[in-house]
Amino acid sequence: MTTNTKPRGLEGIVAAETRLSHVDGQNGILIVAGYSIEDLAAHATFEEVAHLLWRGHLPNASELKDLSSQMAEQRELLPVTLEILRSAAKAPPIDALRMACATLSLGLKDPNAVTHEADFAAAIRLTACFPTIVAAHARFAKGEKPIAPRRDLSLAANFLYMVLGREPDAVAAKALDSYWVTVMDHGMNASTFTARVIASTRSDLVSSVTGALGALKGPLHGGAPGPVLDMLRDIKTSANAEPWIRNELAQGRRIMGFGHRVYKVRDPRAEVLSRVAEKMQGAKLENRELFELARQVEQTALRVLNELKPGRNLRTNVEFYTALVLQAVGLEPTQFVAMFACGRVAGWCAHVIEQHEQDHLIRPQSEYTGPIDLKTNR
Ligand code: ACO
């Protein structure tokens with residue numbers, strides 16, 4: 001049994017040194033490789049921030065051209081990956097992504113190597129293929145054929161083209177790109193820690209990322225935005241917000257999109273994404289109404305949580321406005337956690353590269369709480 005003096009769930013324990021990102025939970029600040037998340041989300045593309053994390057600096061024009069064309073060339077899936085996605089058509093997208101991710105080592109020259117070169121090749125392959133996998137699975141789930149990726153579009157625009165089957169809307173592509181930048185890396189979160197633990201055994205990048213996907217799936221980590229949208233749709237009008245939230249809390253349930261292990265103030269990513277969601281309202285009435293409702297539900301939830309859970313500092317987290325951005329670009333709630341993975345994969349890869357450089361096994365201890373004097377008497 002754990003005692004009150006021991007941190008539960010490794011809370012507050014420093015498990016690694018990293019140059020990749022810094023989360024200041026008391027002040028609501030997220031720094032990614034030296035830059036504030038607000039700055040990057042507004043002024044850098046997904047491909048640029050991936051380069052920043054993998055190579056340590058924002059790319060110049062020729063470095064960006066190089067990385068973008070390598071990522072564009074690597075978007076196509078092998079037949080075996082497509083076959084798995086077809087067989088998994090009824091599975092949740094995040095499960096299909098995990099199954100398909102494991103096959104990506106088949107296309108790599110040196111899948112088990114843990115050298116810099118092998119890690120960068122795998123990072124490009126995985127980051128390029130994740131959106132193709134999610135889009136192909138979405139088409140299979142609807143009984144349709146996948147649409148082959150295009151090389152002339154950004155990763156985000158190409159994803160929308162493959163999943164929606166039409167020329168991508170520039171505003172939606174920009175919103176998705178900003179979302180992916182916003183969630184790309186976030187300190188020692190559960191899935192990143194999982195990736196680093198696997199990498200620390202000198203296991204390969206594809207294995208590390210496949211494990212991270214399993215950790216991301218849970219509703220306490222990446223699985224919350226689908227339920228956020230369900231909540232908003234269930235609440236329907238601002239007048240229903242307070243009774244709905246009070247009833248959930250009375251039943252002992254959590255309000256999705258609120259609370260965070262590290263942030264004790266509003267998650268800065270919620271602010272960034274609320275602005276992105278606001279821009280996405282456009283002419284579509286449904287988006288405008290949902291955004292208005294979300295704002296009111298947010299205020300009500302904060303007030304009621306403060307009243308019923310005093311001192312817990314439960315504030316809006318990244319998942320709340322993620323739900324609005326992703327539904328506005330035309331995606332289904334079941335796809336939301338897989339969308340998160342498409343952004344976070346670049347961060348996982350960066351952490352695997354860093355962990356391989358540090359080359360030190362992560363192996364904590366446990367406190368045994370069982371008996372020590374049993375006898376089999378056989
Ligand atoms: N709604 C209601 N109560 C909550 C919530 C919530 N969203 N979050 C925490 N609490 C309460 C807990 O019930 C607990 O209350 P108690 O002390 O009366 O028992 C107290 O606050 C502390 O909760 P813990 O679970 O110990 O806090 P922890 O730091 O482990 O939780 C977490 C963080 C898992 C994110 C939690 O706030 C939560 O479940 N939120 C809802 C799910 C969600 O939005 N997940 C996405 C997180 S963001 C991300 O991972 C990308």
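Miscellaneous remarks
- Of everything in region 182-238 that is open to solvent by 10 Å² or more (accessible area, probe 1.4 Å) and among the charged types (D, E, K, R), the residue that is nearest to the ligand (Cβ to nearest atom) is LYS217.
- Restricting region 264-276 to residues that are within 17 Å of the chain's Cα centre (by Cα) and either without any contact (Cβ under 8 Å) to a residue 60 or more places away in the chain or not in a helix (DSSP H, G or I) (or both), the residue that is nearest to the ligand (Cβ to nearest atom): ASP267
- Count - residues of region 305-350 that are charged (D, E, K, R), farther than 20 Å from ASN189 by Cα and within 11 Å of the ligand (Cβ to nearest atom): 1
- Residue within region 263-282 that is in contact with a helix residue (DSSP H, G or I) (Cβ under 6 Å, 6 or more places away or on another chain) and among the polar types (S, T, N, Q) present: yes
- Check on ASN317, under 16 Å from ASP267 (Cβ atoms) and either surrounded by fewer than 19 Cβ atoms within 10 Å (Cβ to Cβ) or free of Cβ contacts under 8 Å to residues at least 40 places away in the same chain (or both): no
- Where GLY311 falls short, out of the listed (1) at positive phi; (2) open to solvent by less than 10 Å² (accessible area, probe 1.4 Å): (2)
- Selection status of GLU357, more than 16 Å from the ligand (Cβ to nearest atom), open to solvent by 80 Å² or more (accessible area, probe 1.4 Å) and part of a helix (DSSP H, G or I): yes
- Residues that are among the hydroxyl-bearing types (Ser, Thr, Tyr) number at least 3 in the following helices (runs of 4 or more DSSP H) confined to region 104-187: 170-182.
- Filter result for the condition that a residue is under 30 Å from PHE120 (Cα atoms) and either assigned to a helix (DSSP H, G or I) or not assigned by TED's automatic domain parsing to the domain that holds ASN189 (or both), over ARG363, ARG288, ARG378: ARG363
- Restricting attention to region 242-263 and to residues that are within 14 Å of the ligand (Cβ to nearest atom) and assigned to a helix (DSSP H, G or I), the residue that is surrounded by the most Cβ atoms within 10 Å (Cβ to Cβ) turns out to be ILE245.
- Any chance VAL297 is surrounded by 20 or more Cβ atoms within 10 Å (Cβ to Cβ) and modelled with pLDDT of 95 or more: yes
- Number of the exception - LEU160 against (1) away from the ligand (no atom under 15 Å from the Cβ); (2) crowded, with 22+ Cβ neighbours inside 10 Å; (3) under 30 Å from LEU305 (Cα atoms): (3)
- Highlighted here are the helices (runs of 4 or more DSSP H) found entirely within region 1-77 that include at least 1 residues which are within 16 Å of the ligand (Cβ to nearest atom) and surrounded by 19 or more Cβ atoms within 10 Å (Cβ to Cβ): 37-43.
So that you can scan it fast, the table gives a plain yes or no per residue for (1) touching a Phe, Trp or Tyr at 6+ places or on another chain (Cβ under 8 Å); (2) open to solvent by 10 Å² or more (accessible area, probe 1.4 Å); (3) among the hydroxyl-bearing types (Ser, Thr, Tyr):
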position	(1), (2), (3)
VAL265	no, yes, no
GLU271	no, yes, no
GLU278	yes, yes, no
ALA323	yes, no, no
LEU326	yes, no, no
GLY343	yes, no, no
ALA350	yes, no, no
ILE372	no, yes, no
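The values are calculated or read from the model by the stated rules, or taken from the named source; none is laboratory data. No experiment lies behind these values; they were computed from the predicted model shown. No Cβ is skipped: glycine too gets one built from the backbone with ideal geometry, and neighbour counts run over all protein chains shown. Please note that ligands, DNA and RNA were not included when accessible areas were found on the heavy atoms of the full protein model with its side chains. Shrake-Rupley method; radii C 1.70, N 1.55, O 1.52, S 1.80 Å.
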